[in-house]
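**Q** Before anything else, here's the structure in question.
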Amino acid sequence: MAEPTHQDLEWGSILANFYNTFPAVSLVLRRYGLSADPSTLIHDINQNTHSPSFICLAAMLKAFDDGFNRQAQQNAELSEANENLNIRIRQKIVVINELKDVLKSSPAAAPTPPAPIHSRRISSDPVKFNGEESDMTKRQQSYVNWKTQLRVCFVQDSSVFNSERIKLLHIFGLLGGDAYENNRLYFEQFIANPEDSSTWKWKTADQLFMSLDSQYET
């Protein structure tokens, strides 16, 4: 699609200002412009505000506006779901690499690989903590409950969560919303260098919990 010209953008801005009751439509007009001068249309609408044709036009624009907003919401939800899936995939890759290391260091007659991690779990993970509760007291309590449940998981399934790297990755995967976004840079840095702990902001699960405490418990 060709880039809008300066004239297109100017015309788009004029109509967007006129139809500012439809924010999503106005945003599209300002961003992509309009290939025709809307002056005559605006004049006709001002002269015939209650014309059935222009009432229908307004209804159509509202439908477009609602559709754009719904699509934007769906895109945001899909993006979050995709990011969560990527986190889980990275966790699996780390576990696979650890199993490969174990096999490499074993004698020629290697023992049977252990059963998949999930089949050995005793505890259940808490619901993701997103830190988006507007009530501070409720947000603090939600965080404390989430953290306590995670600590229980680490104790009950110590044979599964047997390294700080695995614990940290598990915590990352159970954060969402603002709680994830506020720390995204450090999570991605960790995931990019899973073998080099010198690049990690937190070396242990306790250090990460202390950082989250300062954000959501106090």
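The values are calculated or read from the model by the stated rules, or taken from the named source; none is laboratory data. It should be emphasised that the depicted structure is a prediction, and the values quoted were computed from it without experimental measurement. Don't worry about glycine lacking a Cβ; one is built from the backbone with ideal geometry, like all the others, and counts go over all protein chains shown.
**Q** Please work out which residue is farthest from Val95 (Cα to Cα), limiting yourself to segment 123-147 and to residues that are β-branched (Val, Ile, Thr) and surrounded by 10 or more Cβ atoms within 10 Å (Cβ to Cβ). Write out each step before concluding.
**A** At the first step, the residues of segment 123-147 found to be β-branched (Val, Ile, Thr) are 127, 137, 144.
Retained after the next criterion (residues that are surrounded by 10 or more Cβ atoms within 10 Å (Cβ to Cβ)): 127, 144.
Numbers: Val127: 22, Val144: 28 Å.
Filtering first and then ranking leaves Val144.
**Q** For segment 181-195, does any single residue satisfy the condition of being in a loop (DSSP other than H, G, I, E, B) and either in the same structural domain as Ile93 (by TED's automatic domain parsing) or surrounded by fewer than 14 Cβ atoms within 10 Å (Cβ to Cβ) (or both)? Break it down stepwise before answering.
**A** Going through segment 181-195, the residues in a loop (DSSP other than H, G, I, E, B) turn out to be 182-183, 193-195.
From what's left, either in the same structural domain as Ile93 (by TED's automatic domain parsing) or surrounded by fewer than 14 Cβ atoms within 10 Å (Cβ to Cβ) (or both): 193, 195.
Yes, segment 181-195 contains a residue that is in a loop (DSSP other than H, G, I, E, B) and either in the same structural domain as Ile93 (by TED's automatic domain parsing) or surrounded by fewer than 14 Cβ atoms within 10 Å (Cβ to Cβ) (or both).
**Q** Also: Within segment 150-174, work out how many residues are outside any helix (DSSP H, G or I) and closer than 15 Å to Gln207 by Cβ. Before you say what the answer is, go through the steps one by one.
**A** From segment 150-174, those outside any helix (DSSP H, G or I) are 157-163, 174; that's our starting set.
Right, trim to closer than 15 Å to Gln207 by Cβ and you get 163.
Number satisfying all stated conditions: 1.
**Q** Related question: Out of all the residues in segment 61-87, which are under 28 Å from Gly173 (Cα atoms) and surrounded by 11 or more Cβ atoms within 10 Å (Cβ to Cβ)? Full working, then the answer.
**A** Step one: list which residues in segment 61-87 are under 28 Å from Gly173 (Cα atoms), which gives 70-87.
Hits for segment 61-87 are Arg70, Gln71, Ala72, Glu80, Glu83, Asn84, Asn86, Ile87.
**Q** To continue, here is another question. Does Leu78 fit the bill of being in the same structural domain as Ala179 (by TED's automatic domain parsing), among the hydrophobic types (A, V, I, L, M, F, W, C) and at pLDDT 85 or above?
**A** Details: in the same structural domain as Ala179 (by TED's automatic domain parsing): no; among the hydrophobic types (A, V, I, L, M, F, W, C): yes; at pLDDT 85 or above: yes.
No: the conditions fail for Leu78.
**Q** Name the single residue, out of those in segment 93-118 being surrounded by 11 or more Cβ atoms within 10 Å (Cβ to Cβ) and under 28 Å from the mean Cα position of the chain (by Cα), that is modelled with the highest pLDDT.
**A** The qualifying residue modelled with the highest pLDDT is Ile93.
**Q** Can I ask one more? Within segment 130-142, identify whether any single residue is farther than 30 Å from Ala24 by Cα, at pLDDT 90 or above, touching a helix residue (DSSP H, G or I) at 6+ places or on another chain (Cβ under 7 Å) and not assigned by TED's automatic domain parsing to the domain that holds Phe18, and answer yes or no.
**A** The answer is yes, given that some residue of segment 130-142 is farther than 30 Å from Ala24 by Cα, at pLDDT 90 or above, touching a helix residue (DSSP H, G or I) at 6+ places or on another chain (Cβ under 7 Å) and not assigned by TED's automatic domain parsing to the domain that holds Phe18.
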